[in-house]
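Reviewing the structure listed below.
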Amino acid sequence: MDMQEISLKLQAGKAKEVKALVQQAIDEGISAKTILEEGLLSGMSVIGEKFKNNEVFVPEVLVAARAMNMGASLLKPLLAEAGVKASGRVCIGTVKGDLHDIGKNLVKMMMEGKGLEVVDLGTDVAPETFVQTAIDQNCQIICCSALLTTTMGVMEDVVKAAQSAGIRDKIKIMVGGAPVTDSFCQRIGADAYSPDAASAADLAVRFCAL
Ligand code: B1M
């Protein structure tokens, strides 16, 4: 099966058809990574480009995002790696003011696939909520996602909130999302930046093992 079919249906926001095609691809033995990268993410990046150029608007992007999330949910069990499971607990969320959750959901999925327990705080999460959850649920890592240049600064507030609560030396803070960079991460005093979900999951496993 051609991954382009999944990409095109995703761009058209046909969630049910995307789900059926993803299932078909799984049944044909195509790897979850190929389906994710060449089907779902490639479709989402076309939509992103069109969105930027004002060729599509929020409603079209929303239906594409729903199709993306539905397709990705089928891949979740397959992204789990066989073998020894890691252990640890992290909390994750998209920062305050930001409603983008596709990347955050992928990071969560990959981390769960590695055996970590993930407390999902959703989107629009206040710095204090990240910190209080980490305290209450005994998380080793706070994971922050941001997709907007206007909201990435909230990540610095999360670092500060962790300092104020006196837990900064006991917890790792990981950051990511399209506008985030390694130098930004260093500037705000977070512990690590990851460019994609798979490397974020690898790093989280390493942090939890410390
Ligand atoms: Co929005 N949006 N959006 N949007 N949207 C962007 C981000 C934008 C780049 C589009 C553009 O103009 N080119 C632009 C931001 C510009 C900027 O900040 N400079 C933008 C804008 C402007 C907006 C609105 C302001 C539009 C408006 O209303 N006028 C608005 C803001 C709403 C808000 O949040 N308050 C808005 C709304 C929306 C929708 C609701 C319609 C929808 C979101 C639906 C949803 O998420 N459920 C949406 C979408 C889908 C996008 C684009 C098209 C796609 C984002 C996405 O899901 N990418 C996006 C354009 C683009 O990115 N090309 C765009 C796929 C996803 C897998 O990638 O999230 O980067 P990403 O995650 C990656 C890595 O970054 C990493 O792992 C993932 C995969 O490996 N990663 C982490 C992510 N989090 C991590 C955390 C980690 C580690 C790695 O550690 C903890």
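Read-outs: derived from the displayed coordinates by stated rules, not from any lab. Nothing here was measured: the structure is a model prediction, and the numbers come from that model. All Cβ positions, glycine included, derive from the backbone under ideal geometry; neighbour counts span all protein chains shown.
Quick notes on this one:
- Amide H contacts of Val175 (H built 1.01 Å from N, under 5 Å, at least 5 apart or other chain): Cys144, Ala192, Tyr193, Ser194
- Charge tally around Val56: other residues with Cβ under 12 Å, Lys/Arg +1 each, Asp/Glu -1 each, net -1.
- Its Cα gyration tensor gives segment 89-209 an equivalent ellipsoid, and the semi-axes of that ellipsoid, as √(5λ) in whole Å with the largest first, are 17, 17, 14.
- Among Glu49, Glu17, Glu38, residue whose mean-square fluctuation peaks in a GNM of the chain (springs only between Cα atoms under 10 Å): Glu49
- For the chain, calculated [θ]222 nm from helices alone, where every DSSP H run of n ≥ 4 adds -39500 (n - 2.57): -16000 deg cm²/dmol
- Dipole magnitude for segment 3-81: about 280 debye, using +1 per Lys or Arg Cβ and -1 per Asp or Glu Cβ, origin at the Cα centre.
- For segment 89-209, with +1 on Lys and Arg beta carbons and -1 on Asp and Glu, the positive-most of Asn105, Ile171, Gln137 along the dipole: Ile171
- Neighbour net charge for Leu210 - beta-carbon separation under 12 angstrom, K R +1, D E -1: +2
- Computed over neighbours whose Cβ is under 14 Å from that of Met70, the net charge equals +4, Lys and Arg +1, Asp and Glu -1.
- Computed magnitude of the charge dipole of the chain (debye, nearest 20; Cβ of K, R +1, Cβ of D, E -1): 340 debye
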